[in-house]
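Heads up: the structure comes next, in structure tokens.
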Amino acid sequence: MTATPDPEAAEPPQPGTLARMVDRAGFADLRGLFAHRDFTLFVLGHAPNVVGVWMSRTCWAWVGWELTHSPLWLGLLAAADTVPTILLGPLGGAIADIGNRRRLAFLAQLGTTSTVALLAVLIAMGLIDIWGLFALVLIRGIIFSVWQPVRLAYMPSLVGPRQIPTAIALNSSMFNLAMVIGPAIAGVLIDRWGAASGFGATAASGVVMLFMLAAIRPDLPRGDRKTGVRDVLRDTMEGLRLGFSHPGIRATLGLLLVFGACLRPVEELSAAYAELVFGLGIHGLSLILVARGLGSVVGAVWLTRRGNRAGTVRLMLLAGLGAGFGVLAFTLVDDFTLALALLAFTGFCLTNCGTGIQQALQQSVEDRRRGRVLALFGIIVRNAPTLGAIVVGGLAGWAGLRLPLGLGAAIGIAVFAWALLHWRTLERRLEPPTHAPAAVPEPIC
């Protein structure tokens, strides 16, 4: 009698041609991520949505300029977009830890998409003024202060604990690609069909995200927790205490503050640098943005290939040190071609440092507190570069741009060099040998 083959004993299927190509290219860890159905759906929605975020920022800045021709109003619009994260970010993080993250993500995305769609309609009908634009950008900023910690905390729960670093690196790749692609698409749409078309395309990208979130399986319960106002406020304060009392998290957030305020203003002030230092105007700015963007994309792709390997802390410190030297050298050169090469190197290092900091924070905190810690991360990462740009811009009035940018780079070099001398201590506090809490289950594929 012929024995019936045991399906459990059968050899596992070999990867197909495309999968083998992905493995040979060094992206085996990335292929493992997309074995998770819900994570794949999230990425399919998030990729166009993050492009839309950058498109919308370009569009409202252009509309604000067209309505007022006032640099002050551009600053006020930027403040309306970012300041709510300072005031409401910790509260948003507490809500992300208490509530159903999938439902919160859907509601926050619905709010931002509706706001952008309303902007598209009002602009198309000629009914917008600067106060209406300011109000809608402020509303979007308030909603985003919840969306950001929810998104940052939700993504790791869709993969296994060991795959979190690769997931964060992939997210960084999408962010940096969108930072280059989004404004470029917005510029074409504004030029051909007006700002309303840019906001309309942004709203369409938001709708894609909504469909993908709706298709994701509901959250698994994270334990019985009360969700009253008092509980939210208590957890908000607990998140702030954790950020300031945990030695590893406190030190890493301090490094993030130096990283943002001292090293990233070179990005915020690219337009002024292209005009005042190199005298090249919009052409020079375009090349600067492309060079920095290419370096950032290469850095993000390299991190994705790196996958889940040890040494995140040392890597982020070395990258921060490299970014400091890159910015310092950029301020010292007069040759534009060499400056572009230095900016590409700086973009590579900035991406590795910023993503490494996020990876370290993600892995150092348990899932039930992740939203609150990442809310603090979001506050600093969105506002520190603006703060640094304000200081540099103020000093540039009497010292020019080179000196204050160089001084900021020197401070960054000193801080990251000091931290690199103590990297083992920081690693022990942020990268415990076992960090796979039961609260982050492996999804069933």
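Derivation of every value follows stated rules applied to the coordinates shown; laboratory data play no part. Fair warning: this is a prediction, and the values are worked out from it, not measured in the lab. Glycine gets a Cβ as well: all are built from the backbone with ideal geometry, and neighbour counts include every protein chain shown.
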Protection-proxy order for peptides 141-151, 202-212, each taking the mean of Cβ atoms within 10 Å per residue, highest first: 141-151, 202-212
Prolate/oblate/rounded call for segment 23-153, Cα gyration tensor, a/c under 1.5 rounded: prolate
Per-peptide average of other Cβ atoms within 10 Å, ordering 247-257, 393-403 highest first: 247-257, 393-403
Least to most buried among 174, 55 (fewest other Cβ within 10 Å first): 174, 55
Pairwise centroid distance, computed over Cα atoms, of segment 374-399 with segment 60-132, Å: 20 Å
Cα centre as origin, Lys/Arg/Asp/Glu Cβ charges: segment 233-435 dipole, Debye: 780 debye
